[in-house]
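What follows is a single structure, written as structure tokens, with notes after it.
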Amino acid sequence: MPGRRATRPVRRRRPLLVALLATLGSLTAVAAVLAVVAATFIGGLAERYDAGRTVIEDPFPTDSRPVDHGDAVDVLLIGSDARGSDARGPDAPAEDGTTGGRADTLMLAHVPADRQDITLLSILRDTWVEVPGHGEAKINAAYSWGGVPLTVQTVEQLLDVRIDHVAEIDFAGFAGMTDALGGVTVQSPSTFDAQGHHFTVGPDHLDGGGALAFVRARHAFADGDHSRVRNQQAFMRAVVEQLLSEETLTSPDTVRRFVSSTSEYLSVDPGLDSATLVALGWSLRDVRADDLHTATLPSAGAGTSADGQSYVRVDDSAVASLTIALRSDDLQGWLRTHAG
């Protein structure tokens with residue numbers, strides 16, 4: 001495929017690939033990530049995953065959708081902040097008037113056909129887009145208005161790329177997932193305080209509570225969501241590194257705890273079952289932590305809507321080139337000129 005990097009040297013295969021389908025949270029969380037346990041998904045792990053996950057009925061839009069683009073796989077990762085009649089209190093309307101759960105984190109995980117790497121593309125929650133059936137609004141309002149199907153439809157319309165799978169994880173899953181791994185060490189891009197936690201630039205070892213504060217922090221930064229997305233990407237990388245560490249891969253108990261903790265808070269499309277994850281994980285068996293790339297949907301500054309909402313403008317020209325790169329499966333070529 002033109003534009004793809006040269007053949008890579010042969011590398012020692014990892015004995016297992018526990019991958020992150022879930023790690024999205026304000027991410028999301030991170031909390032739901034990527035990809036998957038391959039050889040490790042044996043014994044009762046597949047059963048644990050299938051039994052623990054929630055299957056989203058009809059997660060994809062029924063209207064016309066972008067065409068399939070070959071063997072590459074695009075997974076939409078949604079980190080939701082479920083607000084409503086739960087322990088966190090009553091609905092709190094956002095500045096656009098919506099209430100209920102919101103997709104505080106959106107990431108597109110792109111797995112190329114050659115399975116040589118994975119790219120996480122973050123979409124800022126305040127990105128101003130056309131939400132089908134509702135007009136212009138911040139992209140995270142789509143989840144409040146129409147749940148996963150409308151969120152998928154909005155992202156597909158924005159990128160003009162078909163979403164193959166979708167995974168949603170609630171913020172509560174971040175803490176359990178992190179603690180199941182015995183904590184993770186993130187490379188914090190900055191020093192800041194959030195929710196009673198102090199973070200310093202450089203390596204910070206986080207437990208579940210610290211991880212949740214780290215990925216959700218927004219008001220501690222002058223550039224708000226931009227720094228939060230960088231933190232979320234740093235957290236995702238930290239989770240991948242810990243999952244693929246010898247310490248984790250040689251500890252069946254840690255793997256079982258991670259799968260159980262993650263799947264408990266994970267909702268996925270019907271096709272994202274353990275068999276699919278095992279197959280995807282096996283195809284990614286040579287991928288290492290440094291093969292995980294991150295980027296953010298290009299923006300063109302801030303704007304203010306007629307009703308006073310501040311939002312992030314989409315860089316239409318850069319997004320058009322991103323669409324071409326995704327469709328032609330040359331995202332690495334696009335990243336070389338659109339890093340960040």
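No value in this document is a laboratory result; all are computed from the given coordinates. The structure displayed is predicted, hence computed values, not measured ones. Cβ placement follows ideal geometry from the backbone for every residue including glycine, while neighbour counts extend to all protein chains displayed.
Among Thr276, Thr127, the order by Cβ neighbours within 10 angstrom, fewest to most, reads Thr276, Thr127. Using alpha-carbon positions, what is the distance between the centroids of region 150-193 and region 293-312, in Å? If you average the Cα positions of each part, the centres end up 19 Å apart.
State the extension gain, in nm to one decimal, for the chain segment bounded by Ala222 and Ala51, taking 0.36 nm per residue of separation less the distance between their alpha-carbons. Please list the in-between numbers first.
Values: separation 171, 0.36 × 171 = 61.56 nm, distance 4.26 nm.
Result: 57.3 nm gained on full extension.
Please state the shape class of region 218-271: rounded when a/c is under 1.5, otherwise prolate if a/b exceeds b/c and oblate if not, all from the C-alpha gyration tensor. Cα axes put region 218-271 in the oblate bin. Give me the base-10 log of I(q)/I(0) for region 187-340 at each q in 0.17 Å⁻¹, Debye formula, one uniform scatterer per Cα, rounded to two decimals. Those come out to -1.32, one per q.
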